[in-house]
Structures are given as structure tokens and as C-alpha cells.
Amino acid sequence: MSDRDLGLLWRDVRLAVLDIETVWDPGGFGGSARDETDRAIEAVRATGQPVRLAPQPRKVRWQQHATIEAAGLTSMSHGQEPDRAVEVRSGSAVAPVRTAISTQVGGEFRVASVAICDCVRGKVGAPWHTLVNPGVPVDPETGKRHKLTDAQLAVSPPFAAIADHLLRRLTPAEGELLVLAGHNVGYDVGVLRGEMRRVGKALPDLWWHGLRAC
């Protein structure tokens, strides 16, 4: 491919630098459903073969999806209610640096901060950032590391209030290729997908790190 061809290729690419901060929500996802999800994650990592989980209510499936994708794998649902079930599959997402989601008993990560900055044709746009009220107290580790407090987040908008804006920022325009960049962006996308499912929405297919789907 010539330099001219490469220039034409990248002309319609938007690079979006994404960063989120999370807090730990210890409730709502434990017991046999969490144990089965963790075992399936390990099995898929070891064999590369998909594993279908037992049918679960919608809220538990959302948490299973978020856990699987944050673990660097992909997930999808099969069947109709009330027998709809999540399947764990190998994927191209990178393994997360933050391993607490697979080592703590029960719980999940919730978004507490989101920042996005676009770069189009070498021009960096204005960054967008907001704190998010996760609806749970700030865990000690997050409070110490990221200087987030309950008082700050209590007056911030809930995720439902920013979901549509995020979807607009993370949905490519007609003919545009959107590429995500950021530290451990596969983890970030997994958590965002879980938050979107919680409010009845879904992220589009996204690409990152050398045009890899997540």
C-alpha cells in the first residue's frame, strides 16, 4: 500500500482516547452464578472453547457480561426468556491489569468517572470529562488511588443521565472508522458495556489497538 493510500485510509478515521475510573460494588452478583462465571472464564482461557452458562435473570446476565468482558473475553446471549443464557468465548480483548473483578467474592465495578478526547486528521479536539454517581460508596482503594470521595460523586449525574451522550461519542459516523485508544481500554469497554446494559442500551461494535474488536 502506498503512502497516498495510507493517507486516504486514515482520512476517515477518528481516534478516541478513552479513560474511566471505577468503584467497587460488592453486592448483587455472587453465589453459584458468580462461581460458574469464574469457572467458565478459566476454562475458556485454558482451552479456547466456548462455554455456555446456566440461564439467569436479566440482571444477573448483565453482570456476567460485564465480568466476562472485563476479564478480556467476549460474551453473547442465547435463547429466549426465561431460558436465556450467556456464553463465554475467547476474544481479542486484552487481559485486564485490574484483576480485582476476578478475585473478589461477588460484586462488580461501577463507573465513577469518564473522559474522552477525539483526534481527527491529527487535530486534537476538546476533551470531555464527567464524574458519575455510581450509586454505591467509594471503596477505600479507589478513594486513595484516584482521590474520589462520596461527597463528590453524590452530586454527580448517574450513568443513565450520560449514557446517550456517551453513545454519540462512541458511535462512528457514516463512513467513519472509530478507533479507541487508552490504558487497558479492553477493561474500560467491558465495564461500559455492563453499565449500558443496566440502563437498557448497548454500545456499538468498537475497535482498538490496531483495529481489534472489543
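The values are calculated or read from the model by the stated rules, or taken from the named source; none is laboratory data. Just so you know, these numbers come straight off a predicted model, no measurement behind them. Cβ sites come from the backbone with ideal geometry, for glycine too, and all protein chains shown count toward neighbours. These area figures cover heavy atoms from the full protein model, side chains too; ligands, DNA and RNA do not enter into them. Shrake-Rupley method; radii C 1.70, N 1.55, O 1.52, S 1.80 Å.
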*Which numbered condition LEU177 fails, given (1) over 14 Å from the mean Cα position of the chain (by Cα); (2) loosely packed, with under 12 Cβ neighbours inside 10 Å*: (2)
*Looking at VAL105, VAL114, VAL185, VAL136, which is the one that is closer than 29 Å to ASP12 by Cα and at pLDDT below 90?*
VAL185
_It is to be established whether one or more residues within the range 172-182 are outside any helix (DSSP H, G or I), closer than 17 Å to ILE20 by Cβ and modelled with pLDDT of 95 or more._
no
*Considering each of LEU148, LEU167 in turn, give the residue that is part of a loop (DSSP other than H, G, I, E, B) and open to solvent by less than 50 Å² (accessible area, probe 1.4 Å).*
LEU148
*State whether one or more residues within the range 120-141 are open to solvent by less than 60 Å² (accessible area, probe 1.4 Å), assigned to a strand (DSSP E or B) and closer than 21 Å to ASP205 by Cβ.*
yes
*Scan the range 151-164 residue by residue and report those that are at pLDDT 95 or above, of a type outside the set (A, V, I, L, M) and either farther than 21 Å from ALA126 by Cα or open to solvent by less than 60 Å² (accessible area, probe 1.4 Å) (or both).*
SER156, PRO157, PRO158, PHE159
*In the range 9-32, is there at least one residue being closer than 30 Å to ASP139 by Cβ, part of a helix (DSSP H, G or I) and at pLDDT below 90?*
yes
*asked:* Please verify whether ARG110 is in contact (Cβ under 8 Å) with a residue 12 or more places away in the chain, assigned to a helix (DSSP H, G or I), within 24 Å of THR37 (Cβ to Cβ) and open to solvent by 30 Å² or more (accessible area, probe 1.4 Å), treating the condition exactly as stated.
replied: no
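Residues are listed down the side, and each one gets a yes or a no for (1) at negative phi; (2) not basic (Lys, Arg):
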position: GLY31; (1), (2): no, yes
position: ARG34; (1), (2): yes, no
position: ASP38; (1), (2): yes, yes
position: ALA43; (1), (2): yes, yes
position: GLN49; (1), (2): yes, yes
position: PRO55; (1), (2): yes, yes
position: GLU69; (1), (2): yes, yes
position: SER75; (1), (2): yes, yes
position: SER90; (1), (2): yes, yes
*Of these, GLY200, GLY186, which one is open to solvent by 60 Å² or more (accessible area, probe 1.4 Å) and over 15 Å from VAL114 (Cβ atoms)?*
GLY200
*Give me the pairs, please: first residue somewhere in the range 71-91 and farther than 18 Å from GLU108 by Cβ and of a type in the set (Gly, Ala, Ser), second residue anywhere and in a loop (DSSP other than H, G, I, E, B) and open to solvent by less than 20 Å² (accessible area, probe 1.4 Å), beta-carbon distance under 7 Å, and either six or more positions apart or on two chains.*
ALA85/LEU53; SER90/LEU73; GLY91/LEU73
